[in-house]
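Presented below is the structure to which this report refers.
The values are calculated or read from the model by the stated rules, or taken from the named source; none is laboratory data. None of these values were measured; they are calculated from a predicted model. Neighbour counts run over all protein chains shown; Cβ positions are idealised from the backbone, glycine included.
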Amino acid sequence: MTSKASQATEASQPTKATTPPLWLLAELTYQCPLHCPYCSNPVNMEETFNELSTSQWKKVFREAREMGAVQLGFSGGEPLLRKDLEELVAYARELGFYTNLITSGIGMTEKRIAKLKDAGLDHIQLSFQSANADVNDLIGNKRHSFKQKLNIAKLVKAYNYPMVLNFCITAQNIREIEEVMTLSTELKADFVELATVQYYGWAYENREHLLPTQSQLVEAEQAINRYRDQQSGGPKFMFVTPDYYENRPKACMNGWGTTFLTVTPDGSALPCHSAKILPLTFPNVKDSSVQNIWEHDFSFNHFRGDDWMPSPCKTCDEKDKDFGGCRCQAFLLTGDMHKTDPVCDKSPDHHLMKTITDKAGQQASSTLKFRTVKNNIPVKMIQDLTV
Ligand code: SF4
Ligand code: SF4
């Protein structure tokens, strides 16, 4: 890791913020009953044990809302593990947020779903690991979790929530994309994210096992298009591909410090949920107001605008489209967070992408590392998923 970028005190930083944080992601806890090997939570989860209190979260919501934030995602880990979830949802609704619960469904009960409805929760996004019960339970490393998720999906509809289903697509489950679409239709989902894993956190650790090959992605896309063509009504399917096979990077977070604010369980404020891996010191909501952080903190200003950009981004006529790509990806792949995202074929590091994608589909799933706060879980039970 390179040394930390030099940082001045927040008071000495003139703001470069031109918009408020419209989207607040509250990562209430990193604890989770599942152990997905593609989890975007940090690999080092010491923060799990130093969570913000109910009143500290309320302060964050109040301050973000006063600045103009409109969407609030309750995420984790598994946010249902927070006993104060209903209280936090009710408070957020009172402030006028549109609220979204991002959950694995494990730990949800009918009593809780009814209480969340009373609290004013607007929207539920439920994740599945697979459309196949055995594969689902193996990937999440929890027996009977598929059955629980099916029950929760039915309750979500019974309580009239709009329902988004999220399937993380990897080399282990990409061949069953048609089954995923059939299941989503049966469950009467409104939207379905078929989201190929993005390689951060645990997914980065397991990248060689999880990354589908290009031909698998092409076949999956063809299957999705065939399914869409014969659909009359039913869910809207969104296929999110990994940018490792692209020639231009994603417009990460719609630009650093323009739209999204993530607050982690211990109160760290981040411009994106992966940013803590970067050699920057991030502020904490326990020490400063959301407004001070957003407008004046060095880490939030550091990649705003284009002053920081290296060549070729600096003079590129596409820099307003993708903002030079993802800072975390640049750091993970090149060791320098200031470089052009190597996904871009104008980057001098673009050759790295081929080195990575050439290895796709070659690693046995039996050596996957499951997400865990302690040591790795033995992975014998997943041996049948070898790609
Ligand atoms: S990706 Fe899996 S392990 Fe990570 S928070 Fe979601 S359900 Fe839990
Ligand atoms: S050179 Fe930079 S700004 Fe231009 S397309 Fe590539 S990543 Fe985007």
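Computed values, structure above
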quantity: Any hit, segment 277-294, residues being farther than 25 Å from GLY335 by Cα and charged (D, E, K, R); calculated: yes
quantity: From the options LYS314, LYS321, LYS346, residue that is under 23 Å from GLN214 (Cβ atoms) and surrounded by fewer than 15 Cβ atoms within 10 Å (Cβ to Cβ); calculated: LYS346
quantity: Of all residues in segment 146-172 being crowded, with 21+ Cβ neighbours inside 10 Å and more than 17 Å from SER184 (Cβ to Cβ), the one that is nearest to the chain's Cα centre (by Cα); calculated: THR170
quantity: Hits in segment 32-61 (condition: hydrophobic (A, V, I, L, M, F, W, C), crowded, with 22+ Cβ neighbours inside 10 Å and within 16 Å of ligand 1 (Cβ to nearest atom)); calculated: CYS32, CYS36, CYS39
quantity: Hey, GLU94 surrounded by fewer than 17 Cβ atoms within 10 Å (Cβ to Cβ), among the charged types (D, E, K, R) and touching a helix residue (DSSP H, G or I) at 6+ places or on another chain (Cβ under 7 Å) or not; calculated: no
quantity: Selection count where residues are of a type in the set (A, V, I, L, M), within 16 Å of TYR200 (Cβ to Cβ) and not in a loop (DSSP other than H, G, I, E, B), scope segment 265-285; calculated: 3
quantity: Elements of type helices (runs of 4 or more DSSP H) contained in segment 286-351, each with 1 or more residues being closer than 20 Å to LYS276 by Cβ and more than 10 Å from ligand 2 (Cβ to nearest atom); calculated: 290-296, 298-302, 327-334
quantity: All positions within segment 352-387 that are modelled with pLDDT under 80 and part of a helix (DSSP H, G or I); calculated: SER365, SER366, THR367, LYS380, MET381, ILE382, GLN383, ASP384, LEU385
quantity: Lone qualifier among GLU246, GLU221 - being on the phi < 0 side of the Ramachandran plot, touching a residue at least 24 places away in the same chain (Cβ under 8 Å) and among the acidic types (Asp, Glu); calculated: GLU246
quantity: Qualifying residue in segment 101-110 (condition: closer than 16 Å to ASP190 by Cβ and either part of a helix (DSSP H, G or I) or touching a Gly at 6+ places or on another chain (Cβ under 7 Å) (or both)); calculated: yes
quantity: Condition met for ALA64 (of a type outside the set (Lys, Arg), under 15 Å from GLY267 (Cβ atoms), in contact with a Leu (Cβ under 7 Å, 6 or more places away or on another chain) and more than 16 Å from ligand 1 (Cβ to nearest atom)); calculated: yes
quantity: Qualifying residue in segment 139-159 (condition: at pLDDT 95 or above and assigned to a loop (DSSP other than H, G, I, E, B)); calculated: yes
quantity: Residues that are outside any helix (DSSP H, G or I) and either in contact with a Cys (Cβ under 9 Å, 6 or more places away or on another chain) or farther than 18 Å from LYS16 by Cα (or both), drawn from segment 247-256; calculated: ASN247, ARG248, PRO249, LYS250, ALA251, TRP256
quantity: Residue within segment 114-132 that is touching a helix residue (DSSP H, G or I) at 6+ places or on another chain (Cβ under 8 Å), of a type in the set (Lys, Arg), assigned to a helix (DSSP H, G or I) and under 26 Å from GLU246 (Cα atoms) present; calculated: no
quantity: Qualifying residue in segment 64-79 (condition: modelled with pLDDT of 95 or more, assigned to a helix (DSSP H, G or I) and under 25 Å from PHE191 (Cα atoms)); calculated: yes
